[in-house]
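Below: one structure, written as structure tokens.
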Amino acid sequence: MKTGTLKQVLLITDGCSNKGEDPIAMAALANEQGITVNVIGVMEQDTIDEQGMKEIEGIALSGGGVSQVVYAQQLSQTVQMVTKKAMTQTLQGVVNKELQQILGASKTMEDLPPEKRGEVMEVVDELGETVELEVLVLLDTSASMKHKLPTVKEALLDLSLSLNARSGENRYSVFVFPGKKKDVEKLMDWTPRLESLTSIFPKLSTGGITPTGPALKEAVYYFKHKRSLRSLISSDDEYIEESI
């Protein structure tokens, strides 16, 4: 089964966007381009307000992804869980499309007899281990995130370790919003080594607004831009970059 590359945005934030485009609309745009948008809302002892909760759920829903709100100390296992759950969800969607082509438009995995369903889930699990994965981390660095950044760093390093067990290739990039000079800034270009974050994180400054919509828009552009660059140098671009 030819699935191309799984593309995910992992948005980590602790509040509501307050500048620029509507983040829910930008997440929908990402989803149309074959990019899944997952959102993790980070709380301390206080809670994220109702508006923030609605936005987090809305972004993940329109982005075809998973959302979770957690206390900072639970962030590490949540980042892993959300990433893997979104992979499985996306792959199930791919498999369902194939099944519909084979069995007819109205059929899904749930319509199969239990033993066949088990076999299909084995295929999904195997794809989860072997498919290429690109995760673009969008990190909120507004003022309220300052004390949460060390926990975020550890969570991302743990994610990298857990995904390294897969046989498929992993690539990561990290963007922060707001940046020092712009709404969104690239912190780390595509790399299989998320450990390089260790040297970058201590230099991060926090403060200012929360331009979540512009950050998601930049993420979509970045995936597309990378793809068009690769098409200039890769003869089998069509296979590598087939959209999910």
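The values are calculated or read from the model by the stated rules, or taken from the named source; none is laboratory data. Computed from a prediction, not measured in an experiment: that's the story for all the values here. No Cβ is skipped: glycine too gets one built from the backbone with ideal geometry, and neighbour counts run over all protein chains shown. Heavy atoms of the whole protein, side chains included, go into the accessibility calculation; ligands, DNA and RNA do not. Shrake-Rupley method; radii C 1.70, N 1.55, O 1.52, S 1.80 Å.
Here the relative contact order of the chain, from alpha carbon pairs under 8 Å that lie six or more residues apart, stands at 28 percent.
Using only Cα coordinates, the Kirkwood hydrodynamic radius of the range 177-229 works out to 12.5 Å. Note on GLU21 and SER196: the extension gain reaches 59.9 nm, defined as 0.36 nm multiplied by sequence separation minus the Cα-Cα distance. A probe of 1.4 angstrom, applied to the heavy atoms of all protein chains, finds HIS147 with accessible area near 140 square angstrom. Between GLN33 and THR88, full extension at 0.36 nm per residue minus the direct alpha carbon distance yields a gain of 18.0 nm.
For VAL69, VAL123, VAL37, the ranking by accessible surface with the largest value first comes to VAL123, VAL69, VAL37, using a 1.4 Å probe.
As a fraction of the 1.4 Å probe accessible area of the range 18-68, surface on carbon and sulfur atoms comes out at 48 percent.
Shape class for the range 68-121, computed from the alpha carbon gyration tensor (a ≥ b ≥ c): prolate, with a/c not under 1.5 and a/b above b/c. Label separation (LYS203 vs GLU57): 4.0 nm, computed from points 7 Å beyond Cα along the C-beta direction. For the range 58-75, putting each phi into the Karplus relation 6.51 cos²θ - 1.76 cosθ + 1.60 with θ = phi - 60° gives couplings of x, 4, 5, 5, 6, x, x, x, 10, 10, 8, 10, 9, 6, 3, 5, 9, 5 Hz, in residue order, rounded to whole numbers and with x for Gly and Pro. Of ASP189, ASP140, ASP14, the residue with the largest accessible area leads and the full order is ASP189, ASP14, ASP140 (1.4 Å probe). Largest to smallest in accessible area, the residues LYS19, LYS146, LYS153 fall in the order LYS146, LYS19, LYS153 (1.4 Å probe, all protein chains included). Computed with a 1.4 Å probe over protein heavy atoms only, the accessible surface of the chain comes to 49 Å² per residue.
For mean projected area of the Cα convex hull in nm², the value computed from the atomic coordinates appears in the list (1) 23.7; (2) 22.5; (3) 13.9 under label (3). Using a cutoff of 8 angstrom between alpha carbon atoms and counting only pairs six or more residues apart, the relative contact order for the range 43-115 works out to 22 percent. Rounded to the nearest Hz, the phi-derived 3J(HN,Hα) couplings of the range 151-163 under the Karplus curve 6.51 cos²θ - 1.76 cosθ + 1.60 (θ = phi - 60°) are 5, 4, 4, 4, 4, 5, 5, 5, 4, 4, 4, 5, 6, where x marks glycine and proline.
Rounded to the nearest 10 degrees, the inclination of helix 114-130 to the longest alpha-carbon principal axis of the chain is 50 degrees. Between GLN73 and ASP158, the contour length at 0.36 nm per residue exceeds the alpha carbon distance by 29.3 nm. Kindly identify the range 33-81 as rounded, prolate or oblate by the Cα gyration tensor criterion: order the square roots of the eigenvalues as a ≥ b ≥ c, call it rounded if a/c is under 1.5, otherwise compare a/b with b/c, prolate if a/b is larger, else oblate. Oblate is the answer for the range 33-81, as a/c is 1.5 or above yet b/c matches or exceeds a/b. Quick one: grab the alpha carbon gyration tensor of the range 1-64, order the square roots of its eigenvalues as a ≥ b ≥ c, and give me rounded if a/c is under 1.5, else prolate or oblate depending on whether a/b is larger than b/c. In terms of gyration-tensor shape, prolate.
The tail of the calculated P(r) for the range 20-105 beyond 20 Å holds 44 percent of all Cα-Cα pairs.
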